[in-house]
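Participant: A single structure is presented below for examination.
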Amino acid sequence: MIKKIATGLLAVAATTALALSLPTAASATTSDFPDDSSEFWGPVFSKYHLAKAQGRVDVEWDDDESNTARVTGRLYDLDDRDYDEGGKCAYVKFEASDFEDDWSTVYTKKYCGSPGYKKFFFQEHDVFALRAKVCQVSPSGGFPTKCGRWDYLYTAESE
């Protein structure tokens, strides 16, 4: 009985290994271009979770080094303190990397209005990677503070 079980397990393992190797080989011959992708991202929070952003990123490839990334989302102001009590607005910053690994800011958005959110949309061309950071900022503007960490929303390497 134990021999039958062991033989069966070996057969399943060999079949699984073969099945896992086939899709990779087949997909390599069908296209040299990365696949288009569509992913939900977030939520991404500021420090102390007083602001957040979340949404969707869609990447459409024209060829192996040309694409368009479209980002939609919502920016939430979760700081319910009055401004004279130190309350701040929600702020999100997006950076994109091109294929030479040069990072630059491609979009920022500020929203004041707890509780609530503001929708946003932007698109960027020739994106190798895209990341977002959520912060808080004074209602009158200025330097963003209480930022959370950078959250990577998309990388071409993952395709």
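The values are calculated or read from the model by the stated rules, or taken from the named source; none is laboratory data. Bear in mind that the values here come from a model prediction, so they are computed numbers and not experimental data. Reconstructed Cβ throughout: ideal geometry from the backbone, glycine too, with neighbour counts over all protein chains shown. Keep in mind that these areas ignore ligands, DNA and RNA; they rest on the heavy atoms of the full protein, side chains included. Shrake-Rupley method; radii C 1.70, N 1.55, O 1.52, S 1.80 Å.
Participant: Check off (1) assigned to a strand (DSSP E or B); (2) closer than 16 Å to Gln54 by Cα; (3) open to solvent by less than 40 Å² (accessible area, probe 1.4 Å); (4) not aliphatic (A, V, I, L, M) for Asn67 and give me the number that stays unchecked.
Facilitator: Asn67 satisfies all of (1) assigned to a strand (DSSP E or B); (2) closer than 16 Å to Gln54 by Cα; (3) open to solvent by less than 40 Å² (accessible area, probe 1.4 Å); (4) not aliphatic (A, V, I, L, M) except (2).
Participant: Another one. How many residues, within the stretch 118-148, are surrounded by 13 or more Cβ atoms within 10 Å (Cβ to Cβ) and in a loop (DSSP other than H, G, I, E, B)?
Facilitator: Number of matching residues: 6.
Participant: For the stretch 70-90, state whether one or more residues are in contact (Cβ under 8 Å) with a residue 12 or more places away in the chain, surrounded by fewer than 17 Cβ atoms within 10 Å (Cβ to Cβ) and part of a strand (DSSP E or B).
Facilitator: Scanning the stretch 70-90 turns up at least one residue that is in contact (Cβ under 8 Å) with a residue 12 or more places away in the chain, surrounded by fewer than 17 Cβ atoms within 10 Å (Cβ to Cβ) and part of a strand (DSSP E or B).
Participant: Taking the stretch 91-102 as the region of interest, how many residues are loosely packed, with under 14 Cβ neighbours inside 10 Å and in contact (Cβ under 8 Å) with a residue 12 or more places away in the chain?
Facilitator: Adding up the residues that qualify gives 1.
Participant: Could I ask something else about it? Please determine whether any residue of the stretch 149-156 is outside any strand (DSSP E or B) and closer than 25 Å to Trp61 by Cβ.
Facilitator: Within the stretch 149-156, one or more residues are outside any strand (DSSP E or B) and closer than 25 Å to Trp61 by Cβ.
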